[in-house]
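Undergrad: Before we start, here is the structure in question, set down as structure tokens.
The values are calculated or read from the model by the stated rules, or taken from the named source; none is laboratory data. Since we're looking at a predicted model, the values are computed, not measured. Cβ coordinates were reconstructed from backbone atoms using ideal geometry, including for glycine residues, and neighbour counts include every protein chain displayed.
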Amino acid sequence: MASLRRLARMCRDLAKQHVDNPDVPAAPDGADGYAEWVQIALILYRVELEKSLRETEEMPDILAVFYLDEAPNYSSLCRWEQEYRMRELRRLLRASAEQAG
């Protein structure tokens, strides 16, 4: 589990570096609204794990890394993935690999 938390922190930090306003609270608009960095971080985390979203969204320890009490619903995660271009996500994943060595 420690390595999963480490991966989650890395995804969170990469996402915060990528957005214009990394200090926005994780869920500024309540249960239906999530900060851009949270959306990106959760997508990166899921892609890195290579698991379905349903397998990754029920981990309270991991969600705490993203400052969330509960996971966004499945349809939100799917919509976010469609909104962010794969080219951008690949760029962030390459940066992640370079940082990891």
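Undergrad: Among the helices (runs of 4 or more DSSP H) lying completely within the stretch 1-86, list those that include at least 1 residues that are modelled with pLDDT of 90 or more and not hydrophobic (A, V, I, L, M, F, W, C).
TA: Helices (runs of 4 or more DSSP H) meeting the threshold: 2-18, 36-49.
Undergrad: If you don't mind, another one. So which residues in the stretch 89-101 are modelled with pLDDT of 75 or more and either exposed (fewer than 15 other Cβ atoms within 10 Å of the Cβ) or part of a loop (DSSP other than H, G, I, E, B) (or both)?
TA: Once the filter is applied, which keeps residues that are modelled with pLDDT of 75 or more and either exposed (fewer than 15 other Cβ atoms within 10 Å of the Cβ) or part of a loop (DSSP other than H, G, I, E, B) (or both), the stretch 89-101 yields Arg90, Arg91, Arg94, Ala95, Ala97, Glu98, Gln99, Ala100.
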